[in-house]
Amino acid sequence: MTILPQQRRFLLVVAGVYMVGGAARVRGRAPLMYAEKEGPTTMGIPATMRALQQTSLNGPQDMRLITDAPVPSPGQGEVLIRVTAAGVNFADISKARGTFLDGPRPPYLAGFEAAGEVVAVGGAVTGPRRGARVVGVGAGAFAEYMVLPAAAAAPVPVGWAEQEALGLVVNWPTALAALKPLGGVAAGHVVLIHAAAGATGQAAVRMAKHYGARVIATASPGKHETVLALGADHVLDSLGGDLAAEVMELTGGSGADVVLESAGGATFAAGLAAAKRVTGRVVVYGVAGGEAPITNWELVYKHQVHIIGLNIGVLIQTAPQIFGELMGELSALIAAGVLPPGLPTGYELADGPKALAELEARATVGKLALLP
């Protein structure tokens, strides 16, 4: 697959947002003034907006609703969207606690994933046009308006509402990257998916079954029915029991071919112990439960497995060919109905801290969205 120049720009701008959050683009921007540049078609865009501002690095509880945030103006290669729905992610929690690598410094407008309608465009933008419905990643998504790099604004699939497309540029590519190019999933493999009731986990269950794998998922007891409905063959209690021993029992002692690990903490150790010796792959793409160290002694004498780290931003930047193929595969999965429109749980914008607290407490199922 050949990466065209426009596609390469898309990959680079998305990678930049994934890796550093990009909050500095919003702070200090002048209020929007388009009458002279764009004509009457941009009238109706206010000078200020409602937004959630993170005021400390002590956590989401210090996120405040403000009503006078300047509406940002799109610069070269950017578009302004009226946000219909903003995605809530664990990365938002990491940024609020100061644990996200090179994350924004407070005060900053929170959030980075959003979907909505393009209402104005900056210079040198050939698409998307005003009126287009897009989803993308940028800075300051928890607001009524947000600037996106035009090259990284993906179209909302035809027939889908904007909020149904949340996850298209964050959760779903992560799940697919973990399974396919990194995990090497194939028909007949056993795949262990931790946090299977979350947005990335749910997508991973659907994809793994599509590729012919046998899926063992973990989730808290109240979420088991949801995960089974996605097609998982077995669901284990993530809050109790010996996960590794249960996986070994289900696999006749051989273990899982691929382990998708985003929980961290004790769950990381369970995933290592549950992976098939020598050929098993543990793909690590999250640290929601805290850090989990492993020593070289353990790799030699205890866990003879492949441990693969996944940061989707790094993958985009350093292996654009792989990411381009991945996004092509993702489009095919959507077209085939493997990944149907999402059904996020919606919260009012002012309830953003509540949504993040519930996500951090593992009290939620699937994708969460803030609705400005």
Spelling it out for residue 198: with amide H atoms placed in the peptide plane at 1.01 Å from N, the residues 5 or more places away or on another chain with amide H under 5 Å from its amide H are 366
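Using the crude model of +1 on Lys and Arg Cβ and -1 on Asp and Glu Cβ, and no other charge, please compute the dipole size for the stretch 206-285 relative to its Cα centre, in debye to 20.
Magnitude of the dipole: close to 320 debye.
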Close lysine pairs (the chain; alpha-carbon distance under 18 Å; 8 or more apart or on separate chains) counted at 6
Lys and Arg at +1, Asp and Glu at -1: neighbours of residue 100 with Cβ under 15 Å from its Cβ sum to -2
With the dipole of the chain defined by +1 on each Lys or Arg Cβ and -1 on each Asp or Glu Cβ, the option from 289, 324, 165 whose Cα lies farthest towards the positive pole is 324
So the angle from the long Cα axis of helix 199-210 to the longest Cα principal axis of the chain, reported in degrees to the nearest 10, equals 60 degrees
If unit charges are put on Cβ atoms (+1 for Lys and Arg, -1 for Asp and Glu) and the dipole of the stretch 73-219 is taken about its Cα centre, the option from 219, 100, 83 lying farthest towards the positive end turns out to be 219
Helix 5-20: inclination vs the chain longest Cα principal axis, degrees, rounded to 10, gives 80 degrees
Projecting the Cα atoms of 147, 187, 127 onto the charge dipole of the chain, where Lys and Arg contribute +1 and Asp and Glu -1 at Cβ, the residue farthest towards the positive end is 127
Within the under-15-Å Cβ sphere about residue 290, not counting residue 290, Lys/Arg +1 and Asp/Glu -1 give a net charge of -1
Where a ≥ b ≥ c are root eigenvalues of the Cα gyration tensor, a/c under 1.5 meaning rounded, otherwise prolate if a/b exceeds b/c and oblate otherwise, the stretch 211-362 counts as rounded
For residue 254, placing the label point 7 angstrom along Cα-to-beta-carbon and taking the stretch 266-281, residues whose amide nitrogen sits under 13 Å are 276-277, 279-280
Full extension between residue 187 and residue 318 adds, at 0.36 nm per residue less the Cα distance, a length in nm of 44.3 nm
Rounded to whole Å², per residue accessible area for the stretch 249-289 with a 1.4 Å probe reads 35 Å²
For the chain, the dipole about the Cα centre with charges only on Cβ (Lys and Arg +1, Asp and Glu -1), to the nearest 20 debye, works out at 680 debye
Taking the alpha-carbon centre of each part, the distance from the stretch 179-218 to the stretch 98-154 in Å is 30 Å
Here the percent of antiparallel bridges among DSSP beta bridges lying wholly in the chain, to the nearest 5, is 55 percent
So, over other residues within a Cβ distance under 15 Å of residue 309, counting Lys, Arg +1 and Asp, Glu -1, the net charge is -1
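Of all the accessible heavy-atom surface of the chain, with the other protein chains kept in place and a 1.4 Å probe, what percent is carbon and sulfur?
Percent of accessible area from carbon and sulfur atoms in the chain: 56.
The values are calculated or read from the model by the stated rules, or taken from the named source; none is laboratory data. Not measured: the values here are computed from a predicted model. Positions of Cβ are generated from backbone atoms using ideal geometry, with glycine treated the same way; all protein chains shown enter the neighbour counts. For the accessible areas, the whole protein counts, side chains as well, though only heavy atoms, and no ligand, DNA or RNA atoms are used. Shrake-Rupley method; radii C 1.70, N 1.55, O 1.52, S 1.80 Å.
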